[in-house]
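Only one structure is covered here, and it is reproduced in the block below.
Throughout, read-outs are computed from the coordinates displayed, never taken from laboratory work. Remember, it's a predicted structure, so these values are computed and weren't measured experimentally. In this analysis, Cβ positions are derived from the backbone assuming ideal geometry, glycine residues included, and neighbour counts consider all displayed protein chains.
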Amino acid sequence: MIRRFSVLILLLALGIIFANLFIGYTPDTELNQTARYYAEHTASDIGATNIVTAIIVTYRGLDTLGEVTVLFLTAAIIGLVLSQGNKPSSSLQRQLPASGELLTTGSRLLVPLILLLGAYVFVNGHLTPGGGFQGGAIIASAALLLLLTDPLYRFSRRLITIIESISGLFFIGLGILGILLAGGFLDSRVLPTGELGSLFSAGLIPIIYSFVGLKVGAEFTSMLGNLAETEKS
Amino acid sequence: MMASIAMTTGFILILMGLYGALTNRNILRIIVSFTVANTGVNLVLVSVGYMHGRTAPILDGAVPVAEAAKRIIDPLPQALVLTAIVIGVGVTALMLTYAFKLYESKGTLDISKCRELKW
């Protein structure tokens, strides 16, 4: 009783703070200085039409590197924790009821299309709403569909490791290329910025974002695979 | 108007999530509550960047480069929230993993039965 009461008191206090914030908030009518700099200089400096992508990949590329590192650590810790104390029980041969014609055929039809959509989203990250993280999540949703169809399906760990390591290495390698050939670490202007709005523009952004997409997709897939392997027979 | 609706919803979601996390005993429900609160935080952050009568920060036919600063909303909160969403997925996956390990060693998902660190 006292517990619930103190929770309510705490939430009430938080609610009052939020209400004060909400009442005191007046929306901006002009962009602030930082945002105006990005709005005015993205097209000429970076050549990307999607300003959010330009911020994520180039202006604040180091943050994105940190973010990808956090995801990698998460995937690694999940694999470590779940494999601890678990004998590799390869004798897991549970008899499952068949998943049904609709689900099997549907997933066989949809998985390649979902993979294609994911690749489209991260290749066009500098032109349209989308990018590496969104595309990677779409690719992982194809893996999830495979697991739904066949809960005992196992992804090839070797393939996931190869994709993840190669894209991570290329991400950092392209960043170092920016130090040597352009303004600094992860500067995308190693390649010419090109014509605004075309696929091959914005320097290194589409390439870097594609590697980010592959890496995020591989990490999410390995998380899903690790969690699926915990299923007991 | 849009921004205030989104911001109010975000604040309410944060409060709902915290209430659920503090009152529930089942660890899976606590994890779901945390993701609800996380969504609320993201919604508030995005709504701060919204400006009335402007469009998404993508330069195309509707937003010529010369007028970009007058036509687009603030792109920074959006970039920030993209990061926050991805990290949120990682945190949720970690919480689920630890919940599974806890269930494996204790055989229960009720946190009131886990008393080792209680004082």
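Neighbour counts of C-beta atoms inside 10 Å place A:His126, B:His52, A:His41 in the sequence B:His52, A:His41, A:His126, starting with the fewest.
Could you tell me whether the range A:175-233 comes out rounded, prolate or oblate from its Cα gyration tensor? Rule is a ≥ b ≥ c as square roots of the eigenvalues, rounded for a/c under 1.5, then prolate if a/b exceeds b/c, otherwise oblate. It comes out oblate by the Cα gyration axes. Below 13 angstrom from the Cβ of B:Ile87, what's the summed charge of the other residues (Lys, Arg +1; Asp, Glu -1)? Here the count lands on -3. For chain B, the dipole from Cβ point charges (+1 on Lys and Arg, -1 on Asp and Glu) about the Cα centre works out to 440 debye, to the nearest 20. Residue order for A:Glu67, B:Glu104, fewest other beta carbons within 10 angstrom first, comes to B:Glu104, A:Glu67. Amide hydrogen proximity for A:Ser201: with H placed 1.01 Å from N in the peptide plane, no residue at 5 or more positions away or on another chain lies under 5 Å.
Dipole orientation for the protein assembly as shown: of the candidates B:Phe100, A:Gly184, A:Asn32, B:Phe100 has the Cα lying most toward the positive pole (charges on Cβ; Lys, Arg +1; Asp, Glu -1). Amide H contacts of B:Ile72: B:Thr55, each under 5 Å away and 5 or more positions distant or on a separate chain (H built 1.01 Å from N in the peptide plane; Pro and chain starts excluded). Within the listed set A:Thr104, A:Thr58, A:Thr221, the Gaussian network model of chain A (springs between alpha-carbon atoms below 10 Å) gives the highest mean-square fluctuation for A:Thr104. The charge dipole of the range A:99-233, taken about its Cα centre with unit charges on the Cβ of Lys, Arg, Asp and Glu (plus for the first two, minus for the last two), comes to roughly 160 debye. The residue list B:Leu15, B:Ser112, B:Ser4 was ranked by how far each Cα lies along the charge dipole of the range B:4-119 toward its positive end, using unit charges on Cβ atoms, and B:Ser112 comes out on top. A straight line joining the Cα centroids of the range A:161-233 and the range A:102-123 runs 21 Å.
Per-residue ellipticity at 222 nm computed for chain A from its helices equals -22000 deg cm²/dmol, with DSSP H segments shorter than 4 residues left out and the rest contributing -39,500 (n - 2.57). Evaluated with a Cβ-only charge set (Lys, Arg +1; Asp, Glu -1), chain A carries a dipole of roughly 900 debye about its Cα centre, given to the nearest 20.
Take the Kirkwood radius over Cα pairs of the range A:1-77, plug it into Stokes-Einstein at 4 °C and 1.567 mPa s, and you get 77 µm²/s for translational diffusion.
Across the alpha-carbon set of the range A:84-211, the Rg to Rh ratio works out to 1.12, Rh being the Kirkwood radius.
Phi angles across the range A:195-212 convert, under the Karplus curve 6.51 cos²θ - 1.76 cosθ + 1.60 with θ = phi - 60°, into 3J(HN,Hα) values of 7, 4, x, 8, 5, 8, 9, 6, x, 7, 4, x, 5, 4, 5, 5, 5, 4 Hz, Gly and Pro given as x.
Electrostatic bookkeeping for B:Arg115 treats Lys and Arg as +1 and Asp and Glu as -1; over the other residues with beta carbon under 15 Å from its beta carbon, the sum is +2. Relative to the dominant Cα principal axis of chain B, helix B:2-23 is inclined by about 10°. What translational diffusion coefficient, to the nearest whole µm²/s, does chain A have by Stokes-Einstein, given a Kirkwood radius computed over alpha-carbon pairs, a temperature of 25 °C and 0.890 mPa s viscosity? Here the translational diffusion coefficient equals 118 µm²/s.
Along the charge dipole of the protein assembly as shown, pointing to its positive end and built from +1/-1 on Cβ of Lys, Arg, Asp and Glu, which listed residue (A:Ala48, A:Ser83, A:Gly100) has its Cα farthest out? Checking the options against the dipole of the protein assembly as shown, the answer is A:Ser83.
Computed over chain B with a Gaussian network model linking Cα atoms closer than 10 Å, the most mobile of B:Gly40, B:Gly90, B:Gly53 is B:Gly53.
Looking at chain B, the pairs of alpha carbons with a distance over 24 Å make up 45% of the total.
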